[in-house]
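Each reported figure results from applying straightforward, stated rules to the coordinates on display, with no laboratory input. This structure is a prediction, so every number in the text was calculated from the model and none was measured. Virtual Cβ from ideal backbone geometry, glycine too; neighbours counted across all protein chains shown.
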């Protein structure tokens, strides 16, 4: 499905990013695995991908940093000779009630989750324009659409990603660079494991399908958006949330 | 000088699909050569590659005509 394509997935050492990197590789793409801190975990993703018979390497970068993202993208292109798919997945959370939220907690989340998408998109745009084509898939969140108490910073960033996705889609459409977002709901990952039982139960009661999603549920939609099958879709946000927000 | 102009002209003819005769020093990319903003960005990228130089965003924004591009390249190469 993606044979000969090359991809960069940010925040790919664990959780949803890891599942996306593995899924793209399973479909034949060569995948660069970006990570910020978890070098060992990133390396094990790389090894798992190589076993599928495609190329992979890990690359450390803080996506909020312009210089680091530039260097990362340059390295990916020199390694793979092209860059067809960018998945902006890297994200952090610093949950707190707004009244207790420190400026620093707000800024950190905006920097990584929103500015990071901008930096990486800008860094790959030149290459994709030259190639006259590419796919950018941004991982937003359903709470960016619905809002969520205790996550003012996170939801603001994730809502921002949806706006950024639409503007970028409009700017790049004439160059056949398609830009879409996915908005996962309650997906079972390290990040959701941190939530309290009470929070989990509260969320489950809002999900029509009455269960959590798996990282692979998100990965398969990303794979679709990266594929030829999605060639007439741009600027959209696809909810992968068991029907939580309609 | 003429050399730079000719190279720039070739790139413009290729990128913007215009006639060689339309590419004059005073021609504006947007008004005379029907380029949109993204075309100009792309053109600047091509020029960077061709002349092996980096044009900062602030400088690139000032490039509106063929002459602007040629003069910029000449001044940065001297």
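Extending 7 Å from the Cα toward the beta-carbon at both residue A:228 and residue A:195 defines two label points whose distance is 3.9 nm.
Averaging 1/r across all pairs of distinct Cα atoms in region A:144-227 and inverting the result yields a Kirkwood radius of 14.7 Å. Counting, for every residue in A:125-133, the Cβ atoms of other protein chains within 10 Å of its Cβ and taking the mean gives 2.
Computed over Cα pairs, the Kirkwood radius of region A:6-240 leads via Stokes-Einstein (0.692 mPa s, 37 °C) to a diffusion coefficient of 186 µm² per second. Comparing mean-square fluctuations of A:105, A:194, A:66 from a GNM of chain A with C-alpha springs under 10 Å, the top value falls on A:194. Segment residue B:74..residue B:24, full-extension length gain: 16.4 nm, with 0.36 nm per residue of separation and the alpha-carbon distance subtracted. Quick one: plug the Kirkwood hydrodynamic radius of region B:4-77 (C-alpha pairs) into Stokes-Einstein at 4 °C, 1.567 mPa s, and report D in µm²/s. Here the translational diffusion coefficient equals 108 µm²/s. Highest-first packing order for the peptide set A:228-236, A:216-224 is A:216-224, A:228-236, based on the mean count of other beta carbon atoms within 10 Å. Springs between Cα atoms under 10 Å define the GNM used for chain A, and in it the highest mean-square fluctuation of A:86, A:97, A:114 occurs at A:97. Relative to the longest principal axis of the C-alpha atoms of chain A, give the angle of the C-alpha long axis of helix A:66-80, reported between 0 and 90° and rounded to the nearest 10°. Between the helix axis and the principal axis of chain A, the angle is about 50 degrees.
Think of it as helices only: each DSSP H run of n ≥ 4 in the protein assembly as shown is worth -39500 (n - 2.57), and spread over all residues that comes to -15000 deg cm²/dmol at 222 nm. Between 0 and 90 degrees, the angle of helix A:215-226 with respect to the longest Cα principal axis of chain A falls at about 40 degrees.
Once C-alpha pairs closer than 8 Å and six or more residues apart are averaged by separation and normalised to the residue number of region B:4-77, the relative contact order reads 39 percent. Kirkwood radius, region A:98-166, all distinct C-alpha pairs, inverse of mean reciprocal distance: 13.0 Å.
For helix A:15-26, what angle does its Cα long axis make with the longest principal axis of chain A, in degrees from 0 to 90 and rounded to 10? With both axes taken from Cα atoms, the answer is about 30 degrees. Max-minus-min Cα coordinates of region A:74-188 on each principal axis give 47, 27, 26 Å, with the largest extent listed first.
Grab the beta carbon distance between residue B:49 and residue A:79, set R0 = 35 Å, and tell me the FRET efficiency rounded to 0.05.
Efficiency computed from Cβ-Cβ geometry: 0.95.
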